[in-house]
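Every number here is computed from the coordinates shown, using simple stated rules; none is lab data. Just so it is clear, the structure is predicted and the values come from calculations on it, not from any experiment. Note that we place each Cβ from the backbone using ideal geometry, even for glycine, and neighbour counts take in every protein chain shown.
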Amino acid sequence: MEKSTADSSNQPLENSEPETGCLSIIVLGASGDLAKKKTFPALFNLYRQRFIQSNEFHIFGYARTEMSDDDLRSRIRRPIPALGFSIFLCYICLQSGLVQMKYTSGSYDTEEGFRLLDKQISEHEEAKSSADGSCRRLFYLALPPSVYPVVCKMIKLCCMNKCGWTRIVVEKPFGKDLESAEKLSSQIGELFGEHQIYRIDHYLGKEMVQNLLVLRFANRLFVPLWNRDNIDNVQIVFREDFGIEGRGGYFDEYGIIRDIVQNHLLQVLCLVAMEKPVSLDSEHIRDEKVKVHFFFMEMQNLNQSVEPIKDEEVVLGQYHGYRDDSKVPDHSNTPTFASIILRIHNERWEGVPFILKAGKALSSKKADIRVQFKDVPGDIFNCEKQGRNEFVMRLQPSEAMYMKLAVKQPGLEMSTVQSELDLSYKQRYHGVTIPDAYERLLLDTIHGDQQHFVRRDELKAAWDIFTPLLHRIDIGELKPISYQQGSRGPAEADELLLRAGYIRTHGYRWIPPAL
Ligand SMILES: NC(=O)C1=CN([C@@H]2O[C@H](COP(=O)(O)OP(=O)(O)OC[C@H]3O[C@@H](n4cnc5c(N)ncnc54)[C@H](OP(=O)(O)O)[C@@H]3O)[C@@H](O)[C@H]2O)C=CC1
Ligand SMILES: O=C1O[C@H](COP(=O)(O)O)[C@@H](O)[C@H](O)[C@H]1O
């Protein structure tokens, strides 16, 4: 089934990949948090919406934990309040027996378990074989990155598909710094071609993030405005109103920059800042995204070791109580909050600060992109005092985009007031369910579409930017400031924002419209 042509890693290309035929989805790390919260619910939801058919697909779970098939089923069914509906779905799918699921326990570094897994997948493939005998195998690594190389080696050795494609989905953070990420890329790259590797960043699957391309390049309104002549500053913000909640072991090793900023927020920034791609082809889009990274370095400094992030443009925080987690060391220096200014030194963006902010245990849970425009020259209405134009994209919760602008205060007086043009999705698109990012991205992997996945060179460029800063935090040269849980984070972050030129609109607050 595989063609004889090869990509740069000498792995066969899969142009003639089957789109149909028996589909095996193998979740490695099936006992874990991600598998339970995101992967399984997304699969069941895709099934419910008939994007994958029960007569051709089968889920295989694999992990070291000893469990029976039923144990895994009840584990998935156990309710998590925030995931009420998704868990209900899992329950229905499993209870009805429509979605078949098999669990295998085995280690990640020996052949035995993987040979057993291969046998089970092959049996299923034989039972469900399509007319042309083609099959599809999708391995989802819901595992810590430390085990990716050995797991990939075992898949290559024991579990490759003999009559169709084999694809590997890997999670972020992919590595811990430039060197480890490159090593990981080489190790996996020796086993699989780039076209077989799907580096997932679930922010690229969010509705509003996918909308960025359309908004920017399909609207004449934005085309002439989207540059340094009109835009004063851009913020990309992620807030969570809960702490690390049992993920202390993982989180303390990585911290908020590796968990959120280096991947999710930087990917969003690239879509905000990139030039128009030649077409919607996934390589054209990723080519433009990767170019943005090179402009974080000042051109005259390219050959000098000048860091792209300046100390005075970073605020780190750690919430009070973080170190109470049993897996977090008493003197941990790991930031749970970071506000970092990145600057893009190109014709479009020179002088415009991009403020990336992420924090855990804050006062609210939301993520948005906030583009603040410059003041109107020769302001005859005194609007400056009231606030600037801002274009806001609310990624979550309650997807929306709105434009803050000055309008005439309704009535007899000629005075201005801040208002908004508001596109709130719930209100505008009644009854439309916005798919979860993981559903969308899993479907892309099944269809072989890599547009919303991170390419190897993008990943390298992203680590290039953050590695010097991360190393200095790791050795304790930069220290996080303590902040109260449920607050806005350290006050220094708000000061940084003001220094970057952001002007807060006083006396105005956007209220999401009620249905
Ligand atoms: N949880 C989340 O919300 C998100 C997680 N991710 C990423 O997904 C991946 C998995 O995350 P998550 O499910 O939270 O992680 P977990 O800590 O829950 O680990 C998943 C499974 O991996 C196995 N495992 C854990 N530690 C080790 C180890 N040191 N060596 C070998 N196996 C180990 C365990 O299975 P067993 O012992 O049974 O083999 C565990 O059930 C990570 O890369 C994470 O960054 C990405 C986005 C969101
Ligand atoms: O990747 C991660 O994302 C989640 C937040 O995802 P969201 O889609 O709910 O915004 C975060 O909680 C987790 O720490 C991180 O690993």
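Okay, here's what the table says:
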quantity: J(HN,Hα) series, the range 350-364, from Karplus relation 6.51 cos²θ - 1.76 cosθ + 1.60, nearest Hz, glycine and proline x; calculated: 3, x, 9, x, 9, 9, 9, 10, 9, x, 9, 6, 9, 6, 8
quantity: Backbone HN-Hα couplings from phi across the range 22-29 [Karplus 6.51/-1.76/1.60, Hz, Gly and Pro as x]; calculated: 3, 10, 10, 10, 10, 9, 8, x
quantity: Contour minus Cα-Cα distance for Ser326 and Gln484 (0.36 nm per residue); calculated: 54.9 nm
quantity: 5 angstrom amide H check on Gly61, placed H, neighbours 5+ away; calculated: Val27, Lys102, Tyr103, Thr104
quantity: Of the trypsin sites (Lys or Arg not before Pro) in the range 183-223, those whose Cβ has at most 16 other Cβ within 10 Å and which sit in DSSP loop; calculated: Arg220
quantity: Charge dipole magnitude, Cβ of K and R +1, D and E -1 - the range 14-200, Cα centre, debye nearest 20; calculated: 660 debye
quantity: Linear extension gain, Glu253 paired with Ser122, 0.36 nm per residue minus alpha-carbon span; calculated: 43.4 nm
quantity: Glu312-Gln210 FRET efficiency (beta carbon distance; Förster radius 30 Å; 0.05 resolution); calculated: 0.30
quantity: Net lengthening on full extension, Asp69/Gln100 (0.36 nm per residue, minus Cα-Cα); calculated: 10.2 nm
quantity: Distance in nm between pseudo-label sites at Glu179 and Tyr429 (7 Å out along the Cβ direction from Cα); calculated: 4.5 nm
quantity: 5 angstrom amide H check on Cys135, placed H, neighbours 5+ away; calculated: Cys163, Gly164, Trp165
quantity: Links that overshoot a 29 Å alpha carbon limit, given the list Lys153/Lys460; Lys291/Lys374; Lys310/Lys426; Lys374/Lys479; Lys310/Lys366; calculated: Lys310/Lys426; Lys374/Lys479
quantity: Near-label residues of the range 338-356 by backbone N, under 11 Å of a point 7 Å along Cα→Cβ of Ser364; calculated: none
quantity: Zone of Glu112's modelled label, taken as backbone nitrogen in the range 60-76 under 20 Å from a point 7 Å along Cα→Cβ; calculated: 61-69
quantity: FRET efficiency estimate (nearest 0.05) - Cβ-Cβ, Glu492 to Glu245, R0 41 angstrom; calculated: 0.95
quantity: Helix-only mean residue ellipticity at 222 nm for the chain, each DSSP H run of n ≥ 4 adding -39500 (n - 2.57), per residue, nearest 500; calculated: -9000 deg cm²/dmol
quantity: Span-like helix ranges in the chain, DSSP H, alpha carbon extent 20 angstrom or more, Kyte mean at least -1.0; calculated: 456-474
quantity: Ser398/Thr505 FRET efficiency (R0 22 Å; Cβ-Cβ; nearest 0.05); calculated: 0.65
